Amino acid sequence: MTLEQPDNYNVTVQDVAREAGVSASTVSRYLTGVTAVSTTKQEAITRAIEKLNFKPNVLAQSLKTGSTKTIGIVTQDISSPFFGEELKGVEHAISGTGYALLIVSGHWQEREEQDHVELLIARRVDGIIIFMATSTDKQLQSIARQVPVVFTGRRMESPRAIGLAVDNEAAAYQATQYLISQGHKRIAHIAGRLAQPDSEARLQGYRRALLDAGLEPDPRLVAVGDFTEAGGVMAMTQLLESRAPFSALFVANDQSALGARLALYRRGIRVPEEVSMIGFDDLAVSNYMLPPLTTIRQPTFDMGKTATETLLNMLTNQAQTVTHPQFELVVRESVRRV
(Lines give C-alpha, C1' and ligand atoms only; values in the text may rest on other atoms or scores of the structure.)
Protein backbone atom coordinates (compact mmCIF):
# COMPACT_ATOMS: atom_id res chain seq x y z
CA MET A 1 0.00 0.00 0.00
CA THR A 2 1.33 3.45 -0.93
CA LEU A 3 0.58 6.32 1.40
CA GLU A 4 -0.45 9.59 -0.30
CA GLN A 5 1.85 12.51 0.42
CA PRO A 6 0.24 15.55 2.10
CA ASP A 7 -0.14 18.70 -0.01
CA ASN A 8 2.55 20.47 2.00
CA TYR A 9 5.08 17.65 1.59
CA ASN A 10 8.48 19.01 0.57
CA VAL A 11 10.00 16.84 -2.12
CA THR A 12 13.75 16.55 -1.65
CA VAL A 13 16.70 15.75 -3.88
CA GLN A 14 16.80 12.32 -2.22
CA ASP A 15 13.17 11.67 -3.24
CA VAL A 16 13.99 12.56 -6.85
CA ALA A 17 17.08 10.33 -6.74
CA ARG A 18 15.08 7.33 -5.50
CA GLU A 19 12.40 7.85 -8.14
CA ALA A 20 14.99 8.22 -10.92
CA GLY A 21 17.13 5.31 -9.72
CA VAL A 22 20.28 7.44 -9.41
CA SER A 23 22.33 8.86 -6.57
CA ALA A 24 21.49 12.14 -4.86
CA SER A 25 24.86 13.54 -5.97
CA THR A 26 23.91 12.83 -9.61
CA VAL A 27 20.68 14.81 -9.17
CA SER A 28 22.65 17.67 -7.62
CA ARG A 29 25.10 17.67 -10.53
CA TYR A 30 22.17 17.73 -12.95
CA LEU A 31 20.51 20.66 -11.14
CA THR A 32 23.65 22.77 -10.81
CA GLY A 33 25.21 21.89 -14.16
CA VAL A 34 28.63 21.76 -12.51
CA THR A 35 29.57 18.51 -14.25
CA ALA A 36 28.04 16.52 -17.09
CA VAL A 37 25.34 13.89 -16.53
CA SER A 38 24.63 11.18 -19.09
CA THR A 39 21.63 11.60 -21.36
CA THR A 40 19.93 8.50 -19.94
CA LYS A 41 20.22 9.78 -16.37
CA GLN A 42 19.11 13.25 -17.42
CA GLU A 43 15.93 11.80 -18.90
CA ALA A 44 15.25 9.72 -15.77
CA ILE A 45 15.79 12.73 -13.50
CA THR A 46 13.55 14.93 -15.66
CA ARG A 47 10.73 12.36 -15.48
CA ALA A 48 11.14 12.11 -11.71
CA ILE A 49 11.07 15.88 -11.26
CA GLU A 50 7.89 16.15 -13.31
CA LYS A 51 6.20 13.23 -11.52
CA LEU A 52 7.04 14.48 -8.04
CA ASN A 53 6.52 18.16 -8.92
CA PHE A 54 9.93 18.90 -7.46
CA LYS A 55 10.84 22.56 -6.92
CA PRO A 56 14.59 23.11 -6.50
CA ASN A 57 15.74 25.23 -3.57
CA VAL A 58 17.25 28.17 -5.45
CA LEU A 59 18.95 29.58 -2.35
CA ALA A 60 20.61 26.27 -1.55
CA GLN A 61 21.77 25.92 -5.15
CA SER A 62 23.21 29.43 -5.15
CA LEU A 63 25.25 28.62 -2.06
CA LYS A 64 26.71 25.58 -3.84
CA THR A 65 27.37 27.15 -7.23
CA GLY A 66 27.96 30.78 -6.32
CA SER A 67 25.27 31.74 -8.85
CA THR A 68 21.85 33.19 -7.99
CA LYS A 69 20.60 32.92 -11.60
CA THR A 70 19.58 36.57 -11.32
CA ILE A 71 20.44 39.47 -13.63
CA GLY A 72 20.14 43.06 -12.45
CA ILE A 73 18.67 45.64 -14.82
CA VAL A 74 19.16 49.39 -14.36
CA THR A 75 16.83 51.45 -16.53
CA GLN A 76 16.70 55.25 -16.43
CA ASP A 77 12.92 55.54 -16.68
CA ILE A 78 10.68 52.52 -16.32
CA SER A 79 7.81 54.35 -18.09
CA SER A 80 9.87 55.20 -21.19
CA PRO A 81 8.78 53.41 -24.39
CA PHE A 82 12.45 53.33 -25.46
CA PHE A 83 13.57 51.42 -22.37
CA GLY A 84 10.42 49.31 -22.47
CA GLU A 85 11.41 48.07 -25.92
CA GLU A 86 14.96 47.30 -24.72
CA LEU A 87 13.50 45.35 -21.80
CA LYS A 88 11.41 43.27 -24.20
CA GLY A 89 14.67 42.30 -25.91
CA VAL A 90 16.15 41.28 -22.55
CA GLU A 91 13.12 39.14 -21.70
CA HIS A 92 13.30 37.45 -25.10
CA ALA A 93 16.98 36.61 -24.62
CA ILE A 94 16.64 35.12 -21.12
CA SER A 95 13.57 33.05 -21.96
CA GLY A 96 14.33 29.42 -21.16
CA THR A 97 17.69 30.16 -19.50
CA GLY A 98 16.46 29.89 -15.92
CA TYR A 99 17.54 33.45 -15.14
CA ALA A 100 15.27 35.98 -13.42
CA LEU A 101 15.42 39.78 -13.59
CA LEU A 102 15.70 42.32 -10.78
CA ILE A 103 14.83 45.78 -12.16
CA VAL A 104 15.61 49.22 -10.69
CA SER A 105 15.59 52.79 -12.09
CA GLY A 106 18.40 55.32 -12.15
CA HIS A 107 16.25 58.32 -13.20
CA TRP A 108 19.17 59.79 -15.18
CA GLN A 109 20.99 60.52 -11.89
CA GLU A 110 24.56 59.26 -11.65
CA ARG A 111 24.46 58.93 -7.84
CA GLU A 112 21.11 57.11 -7.90
CA GLU A 113 22.39 54.77 -10.61
CA GLN A 114 25.45 53.98 -8.51
CA ASP A 115 23.34 53.41 -5.36
CA HIS A 116 21.07 50.98 -7.21
CA VAL A 117 24.03 49.15 -8.73
CA GLU A 118 25.41 48.67 -5.22
CA LEU A 119 21.99 47.38 -4.13
CA LEU A 120 21.97 44.84 -6.96
CA ILE A 121 25.48 43.67 -6.09
CA ALA A 122 24.43 43.31 -2.43
CA ARG A 123 21.56 41.11 -3.67
CA ARG A 124 24.23 38.91 -5.31
CA VAL A 125 23.08 39.24 -8.90
CA ASP A 126 25.30 37.34 -11.34
CA GLY A 127 25.64 40.31 -13.71
CA ILE A 128 24.19 43.74 -14.48
CA ILE A 129 22.78 45.41 -17.59
CA ILE A 130 22.52 49.22 -17.54
CA PHE A 131 20.36 50.99 -20.12
CA MET A 132 22.02 54.28 -21.21
CA ALA A 133 24.53 54.32 -18.36
CA THR A 134 25.13 57.72 -16.74
CA SER A 135 28.13 56.38 -14.77
CA THR A 136 31.61 57.32 -15.92
CA ASP A 137 33.90 54.82 -17.64
CA LYS A 138 35.94 54.64 -14.43
CA GLN A 139 32.82 53.84 -12.37
CA LEU A 140 31.74 51.16 -14.86
CA GLN A 141 35.16 49.52 -14.67
CA SER A 142 34.84 49.57 -10.87
CA ILE A 143 31.48 47.76 -11.13
CA ALA A 144 33.07 45.22 -13.47
CA ARG A 145 35.62 44.27 -10.81
CA GLN A 146 32.67 42.97 -8.76
CA VAL A 147 30.27 41.58 -11.40
CA PRO A 148 30.23 41.49 -15.22
CA VAL A 149 28.40 44.50 -16.64
CA VAL A 150 26.96 45.32 -20.07
CA PHE A 151 25.59 48.77 -20.83
CA THR A 152 24.09 50.69 -23.73
CA GLY A 153 24.57 54.25 -24.94
CA ARG A 154 28.35 54.21 -25.45
CA ARG A 155 30.98 51.77 -26.60
CA MET A 156 33.52 49.91 -24.48
CA GLU A 157 35.21 46.53 -24.82
CA SER A 158 36.99 44.97 -21.86
CA PRO A 159 36.83 41.46 -20.35
CA ARG A 160 34.09 42.28 -17.79
CA ALA A 161 32.64 45.60 -19.03
CA ILE A 162 31.12 45.89 -22.50
CA GLY A 163 29.26 48.90 -23.87
CA LEU A 164 26.96 48.66 -26.92
CA ALA A 165 25.82 51.63 -29.00
CA VAL A 166 25.12 52.81 -32.50
CA ASP A 167 27.60 55.34 -33.86
CA ASN A 168 25.66 58.31 -32.47
CA GLU A 169 27.83 60.98 -34.08
CA ALA A 170 27.61 59.37 -37.51
CA ALA A 171 23.84 58.94 -37.15
CA ALA A 172 23.35 62.59 -36.17
CA TYR A 173 25.60 63.63 -39.04
CA GLN A 174 23.42 61.69 -41.50
CA ALA A 175 20.21 63.13 -40.03
CA THR A 176 21.51 66.70 -40.35
CA GLN A 177 23.03 66.05 -43.78
CA TYR A 178 19.65 64.77 -44.98
CA LEU A 179 18.03 68.07 -43.97
CA ILE A 180 20.82 69.93 -45.78
CA SER A 181 20.25 67.78 -48.89
CA GLN A 182 16.62 68.94 -48.87
CA GLY A 183 17.78 72.55 -49.16
CA HIS A 184 17.67 73.59 -45.50
CA LYS A 185 20.42 75.93 -44.31
CA ARG A 186 19.06 77.15 -40.98
CA ILE A 187 18.76 73.95 -38.95
CA ALA A 188 18.00 73.94 -35.22
CA HIS A 189 18.79 71.15 -32.76
CA ILE A 190 17.13 69.99 -29.56
CA ALA A 191 19.85 68.15 -27.66
CA GLY A 192 19.46 65.49 -25.01
CA ARG A 193 20.89 65.66 -21.50
CA LEU A 194 24.20 67.47 -21.34
CA ALA A 195 27.21 65.32 -20.36
CA GLN A 196 25.35 62.17 -21.46
CA PRO A 197 27.69 60.47 -23.99
CA ASP A 198 25.02 59.69 -26.61
CA SER A 199 23.59 63.22 -26.37
CA GLU A 200 27.01 64.83 -26.72
CA ALA A 201 27.87 62.63 -29.71
CA ARG A 202 24.63 63.58 -31.49
CA LEU A 203 25.33 67.27 -30.88
CA GLN A 204 28.82 66.85 -32.35
CA GLY A 205 27.44 65.04 -35.39
CA TYR A 206 24.95 67.86 -35.98
CA ARG A 207 27.68 70.51 -35.79
CA ARG A 208 30.09 68.55 -38.00
CA ALA A 209 27.46 68.14 -40.73
CA LEU A 210 26.83 71.90 -40.76
CA LEU A 211 30.54 72.73 -40.92
CA ASP A 212 31.17 70.19 -43.70
CA ALA A 213 28.40 71.87 -45.71
CA GLY A 214 29.94 75.30 -45.16
CA LEU A 215 27.20 76.34 -42.72
CA GLU A 216 28.27 78.12 -39.54
CA PRO A 217 26.56 76.63 -36.43
CA ASP A 218 24.43 79.23 -34.64
CA PRO A 219 24.40 78.71 -30.84
CA ARG A 220 20.94 80.31 -30.72
CA LEU A 221 19.64 77.32 -32.70
CA VAL A 222 20.61 74.76 -30.04
CA ALA A 223 18.32 74.12 -27.06
CA VAL A 224 18.90 71.49 -24.39
CA GLY A 225 16.14 68.99 -23.61
CA ASP A 226 16.12 65.94 -21.36
CA PHE A 227 14.99 63.11 -23.68
CA THR A 228 11.36 63.48 -22.49
CA GLU A 229 8.23 64.87 -24.16
CA ALA A 230 7.99 67.68 -21.60
CA GLY A 231 11.63 68.56 -22.20
CA GLY A 232 10.91 68.73 -25.92
CA VAL A 233 8.08 71.22 -25.34
CA MET A 234 10.31 73.45 -23.22
CA ALA A 235 13.27 73.29 -25.62
CA MET A 236 11.06 74.05 -28.61
CA THR A 237 9.55 77.01 -26.76
CA GLN A 238 13.07 78.29 -26.04
CA LEU A 239 14.02 78.07 -29.71
CA LEU A 240 10.90 79.94 -30.82
CA GLU A 241 11.35 82.66 -28.23
CA SER A 242 14.94 83.24 -29.35
CA ARG A 243 13.43 84.51 -32.64
CA ALA A 244 16.43 83.06 -34.53
CA PRO A 245 14.99 81.87 -37.88
CA PHE A 246 15.17 78.20 -38.88
CA SER A 247 13.40 76.01 -41.40
CA ALA A 248 14.32 72.56 -40.06
CA LEU A 249 14.88 70.84 -36.74
CA PHE A 250 16.93 67.79 -35.71
CA VAL A 251 15.80 66.40 -32.35
CA ALA A 252 17.99 64.11 -30.23
CA ASN A 253 15.23 61.55 -29.68
CA ASP A 254 11.66 60.81 -30.73
CA GLN A 255 10.13 61.50 -27.31
CA SER A 256 11.54 65.03 -27.40
CA ALA A 257 10.36 65.36 -31.01
CA LEU A 258 6.82 64.51 -29.89
CA GLY A 259 6.95 67.35 -27.35
CA ALA A 260 8.48 69.73 -29.88
CA ARG A 261 5.70 68.91 -32.34
CA LEU A 262 3.11 69.83 -29.69
CA ALA A 263 4.83 73.18 -29.02
CA LEU A 264 4.80 73.98 -32.77
CA TYR A 265 1.10 73.03 -33.01
CA ARG A 266 0.22 75.36 -30.15
CA ARG A 267 1.97 78.22 -31.98
CA GLY A 268 0.16 77.41 -35.21
CA ILE A 269 3.38 76.41 -36.97
CA ARG A 270 2.85 73.68 -39.56
CA VAL A 271 5.08 70.63 -40.05
CA PRO A 272 6.61 70.24 -42.59
CA GLU A 273 5.24 73.28 -44.48
CA GLU A 274 6.97 75.78 -42.18
CA VAL A 275 9.37 73.63 -40.16
CA SER A 276 10.76 70.25 -41.22
CA MET A 277 11.57 67.81 -38.42
CA ILE A 278 13.69 64.70 -37.94
CA GLY A 279 14.02 62.62 -34.78
CA PHE A 280 16.10 59.75 -33.42
CA ASP A 281 15.18 56.19 -32.25
CA ASP A 282 12.16 55.30 -34.43
CA LEU A 283 9.82 54.54 -31.57
CA ALA A 284 6.47 53.01 -32.54
CA VAL A 285 4.69 56.33 -31.92
CA SER A 286 6.84 58.04 -34.58
CA ASN A 287 4.89 56.33 -37.34
CA TYR A 288 1.62 57.75 -35.96
CA MET A 289 2.63 61.37 -35.41
CA LEU A 290 1.02 64.02 -37.61
CA PRO A 291 2.78 63.99 -39.95
CA PRO A 292 4.65 60.67 -39.49
CA LEU A 293 8.17 61.44 -38.28
CA THR A 294 11.32 61.06 -40.34
CA THR A 295 13.84 59.63 -37.89
CA ILE A 296 17.01 57.66 -37.27
CA ARG A 297 16.17 54.08 -36.41
CA GLN A 298 18.25 52.27 -33.85
CA PRO A 299 17.28 48.63 -33.16
CA THR A 300 16.10 49.08 -29.57
CA PHE A 301 14.71 45.56 -29.09
CA ASP A 302 17.86 44.05 -30.58
CA MET A 303 20.05 46.15 -28.27
CA GLY A 304 18.34 44.66 -25.22
CA LYS A 305 18.58 41.19 -26.72
CA THR A 306 22.24 41.56 -27.68
CA ALA A 307 23.14 43.07 -24.30
CA THR A 308 21.64 40.04 -22.56
CA GLU A 309 23.27 37.51 -24.87
CA THR A 310 26.60 39.27 -24.35
CA LEU A 311 26.23 39.13 -20.57
CA LEU A 312 25.21 35.45 -20.62
CA ASN A 313 28.32 34.66 -22.68
CA MET A 314 30.43 36.53 -20.13
CA LEU A 315 28.87 34.56 -17.27
CA THR A 316 29.69 31.25 -18.97
CA ASN A 317 33.17 32.36 -20.10
CA GLN A 318 32.31 31.91 -23.76
CA ALA A 319 34.46 33.59 -26.37
CA GLN A 320 32.53 36.23 -28.26
CA THR A 321 32.77 38.99 -30.82
CA VAL A 322 31.10 42.21 -29.72
CA THR A 323 28.54 43.32 -32.31
CA HIS A 324 27.39 46.93 -32.13
CA PRO A 325 23.89 47.87 -33.36
CA GLN A 326 23.57 49.74 -36.66
CA PHE A 327 21.40 52.79 -37.40
CA GLU A 328 19.19 53.54 -40.42
CA LEU A 329 17.56 56.72 -41.73
CA VAL A 330 13.78 56.25 -42.01
CA VAL A 331 12.20 58.84 -44.34
CA ARG A 332 8.57 59.79 -43.70
CA GLU A 333 6.49 62.93 -44.24
CA SER A 334 7.89 65.37 -41.66
CA VAL A 335 10.60 66.78 -43.95
CA ARG A 336 10.00 68.77 -47.13
CA ARG A 337 12.37 70.05 -49.79
CA VAL A 338 12.81 73.83 -49.98
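Before moving on, here are some points about what is shown:
- The order of 311, 290, 102, 211 by accessible area, most exposed first and with a 1.4 Å probe, is 290, 211, 102, 311.
- Surface per residue (accessible, 1.4 Å probe) for the chain, Å²: 49
- Amide H partners (placed H, <5 Å) of residue 332, local residues excluded: 294, 295
- Annotation: amide H of residue 227 within the under-5 Å range of 193, sequence separation 5 or more or interchain, hydrogens built in the peptide plane.
- Between the Cα long axis of helix 197-212 and the first principal axis of the chain there is an angle of about 30°, rounded to the nearest 10.
- Rounded to the nearest 5, the antiparallel percentage of DSSP beta bridges internal to the chain is 15%.
- Excluding exposed DSSP-loop GluC sites (Glu not before Pro) (at most 15 other C-beta within 10 Å), longest clean stretch of the chain: 5-272
- Nearest-ten-degree value, helix 254-266 long axis tilted from longest Cα axis of the chain: 40
- Pairwise Lys count, the chain - Cα closer than 17 Å, eight or more residues apart or different chains: 4
- Farthest toward the positive end of the dipole of the stretch 189-299, out of 228, 248, 238, is the Cα of 238, where the dipole comes from beta carbon charges about the Cα centre.
- Whole-number D in µm²/s for the stretch 71-134 (Stokes-Einstein; Kirkwood sum over Cα pairs; 10 °C, 1.306 mPa s): 133
- Surface calculation, 1.4 Å probe, protein heavy atoms: residue 282 sits at approximately 30 Å² accessible.
- Reduced Cα scattering model of the chain, Debye log10 I(q)/I(0), q = 0.07, 0.10, 0.13 Å⁻¹: -0.40, -0.67, -0.94
- To put it simply, the accessible area of the chain at a 1.4 Å probe is 51 percent carbon and sulfur.
- Largest mean-square fluctuation among 317, 253, 287, in a Gaussian network model of the chain whose springs join Cα atoms under 10 Å apart, belongs to 317.
- Per-residue SASA remark: residue 88, around 110 Å² accessible (1.4 Å probe; ligands, DNA and RNA not included).
- Candidate residues 321, 12: accessible-area rank, largest first, probe 1.4 Å: 321, 12
- Simple point charges give the picture: +1 on the Cβ of Lys and Arg, -1 on the Cβ of Asp and Glu, and for the stretch 82-144 a dipole about the Cα centre of about 180 debye.
- Distant-in-sequence amide contacts of residue 127, defined by a placed amide H-H separation under 5 Å and a gap of 5 or more residues or a different chain, comprise 72.
- Assuming charge only on the beta carbon of Lys and Arg (+1) and of Asp and Glu (-1), the dipole of the chain about its Cα centre is about 240 debye to the nearest 20.
- For the stretch 79-152, with +1 on Lys and Arg beta carbons and -1 on Asp and Glu, the positive-most of 135, 97, 87 along the dipole: 97
- Rounded Å value of the spacing that divides the Cα centres of the stretch 224-274 and the stretch 112-136: 34
- Phi angles of the stretch 324-338 translate, via the Karplus equation with coefficients 6.51, -1.76, 1.60 and θ = phi - 60°, into HN-Hα couplings of 8, x, 10, 9, 8, 7, 10, 8, 10, 9, 8, 10, 10, 7, 10 Hz per residue; Gly and Pro are given as x.
- Sorted largest first, the spans of the alpha carbon positions of the stretch 186-311 along the three principal axes are 49, 32, 23 Å.
- Accessible surface, 1.4 Å probe, highest first, among residues 25, 256, 247: 25, 247, 256
- Of the residues 176, 163, 10, the one whose Cα sits farthest towards the positive end of the charge dipole of the chain is 176 (charges of +1 on Lys and Arg Cβ, -1 on Asp and Glu Cβ, taken about the Cα centre).
- Net dipole in debye of the stretch 167-238 [+1 Lys, Arg Cβ; -1 Asp, Glu Cβ; about Cα centre; nearest 20]: 240
- Computed from backbone phi, the HN-Hα couplings of the stretch 129-140 come to 10, 10, 7, 6, 4, 9, 5, 6, 4, 4, 5, 5 Hz, rounded to whole numbers (Karplus: 6.51 cos²θ - 1.76 cosθ + 1.60, θ = phi - 60°; Gly and Pro given as x).
- Measuring nothing but alpha carbons in the stretch 57-190 and taking Rh as the Kirkwood radius, the Rg to Rh ratio lands at 1.09.
- Rolling a 1.4 Å probe over the protein chains gives residue 115 an accessible area of about 70 Å².
- Most fluctuating residue given options 69, 51, 138, as computed from a GNM of the chain linking Cα atoms under 10 Å: 51
The values are calculated or read from the model by the stated rules, or taken from the named source; none is laboratory data. Computed from a predicted model, the values in this text were never measured in an experiment. All Cβ positions, even for glycine, are placed from backbone atoms using ideal geometry, and neighbour counts span all protein chains on display. Please note that ligands, DNA and RNA were not included when accessible areas were found on the heavy atoms of the full protein model with its side chains. Shrake-Rupley method; radii C 1.70, N 1.55, O 1.52, S 1.80 Å.
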